[in-house]
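The values are calculated or read from the model by the stated rules, or taken from the named source; none is laboratory data. Values in this document were obtained by computation on a predicted structure and should not be read as measured data. Positions of Cβ are backbone-derived with ideal geometry, glycine not excepted, and every protein chain shown enters the neighbour counts. With ligands, DNA and RNA removed, areas are computed over all heavy atoms of the protein, side chains included. Shrake-Rupley method; radii C 1.70, N 1.55, O 1.52, S 1.80 Å.
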Amino acid sequence: MAQAVEELLRRLALNDEETVRTVLTPPGPTDQPVPPRLDPGTEALVRLGALLAVGGTTASCRLSVEQARAGGASDPEIVGVLVAVAPAIGLARVVAAAPRLALALDAELDDVPEL
């Protein structure tokens with residue numbers, strides 16, 4: 001593993017305030033070293049997976065879906081994120097997340113109760 005990547009992980013694990021601020025700040029002009037980033041489409045899919053895992057709102061999921069689509073992700077790939085995180089988040093979260101993801105994709109699930 002590259003030394004810079006190890007150092008970034010070490011600083012995050014130590015909750016280094018400056019490093020955490022750099023990671024949580026959207027990319028832009030800065031005099032701080034820029035942490036490694038994924039391409040925008042992949043980053044949006046990963047963010048969506050995290051939102052689904054923690055029970056993120058439909059509005060948050062919709063934003064990640066829009067960003068993933070803008071990055072070139074297809075709807076099947078976006079749904080694939082829910083399938084990919086399912087073993088880690090468990091049945092209850094998958095069942096709760098599916099309708100929110102459907103709404104974020106503008107899909108209609110007529111036989112599913114309203115949220």
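Scanning segment 46-86 for residues that are hydrophobic (A, V, I, L, M, F, W, C), touching a residue at least 24 places away in the same chain (Cβ under 8 Å) and in contact with a Ser or Thr (Cβ under 8 Å, 6 or more places away or on another chain) gives a single hit, Leu48. Summed over segment 62-74, the residues that are surrounded by fewer than 18 Cβ atoms within 10 Å (Cβ to Cβ) and part of a loop (DSSP other than H, G, I, E, B) give a count of 3.
Quick one: count up the residues across segment 38-51 that are among the acidic types (Asp, Glu) and open to solvent by less than 80 Å² (accessible area, probe 1.4 Å).
Residues in segment 38-51 being among the acidic types (Asp, Glu) and open to solvent by less than 80 Å² (accessible area, probe 1.4 Å): 1 in total.
Taking the listed residues Ala97, Ala44, Ala70, the one that is touching a Pro at 6+ places or on another chain (Cβ under 8 Å), among the hydrophobic types (A, V, I, L, M, F, W, C) and modelled with pLDDT of 85 or more is Ala70, with no other qualifying.
Quick test for you: out of Pro35, Pro26, pick the one residue that is open to solvent by less than 60 Å² (accessible area, probe 1.4 Å), in a loop (DSSP other than H, G, I, E, B) and at pLDDT below 90. Before you say what the answer is, go through the steps one by one.
Numbers: Pro26 fails: open to solvent by less than 60 Å² (accessible area, probe 1.4 Å).
Just a single option satisfies the conditions, and that option is Pro35.
Considering segment 75-114, and only residues there that are of a type in the set (D, E, K, R) and part of a loop (DSSP other than H, G, I, E, B), the residue that is least open to solvent (accessible area, probe 1.4 Å) turns out to be Asp106. Annotation note: Cβ proximity below 9 Å between a residue of segment 87-98 that is over 10 Å from Ala53 (Cβ atoms) and a residue that is of a type outside the set (A, V, I, L, M) and surrounded by 11 or more Cβ atoms within 10 Å (Cβ to Cβ) (sequence gap 6+ or interchain) occurs for Ala96/Gly55.
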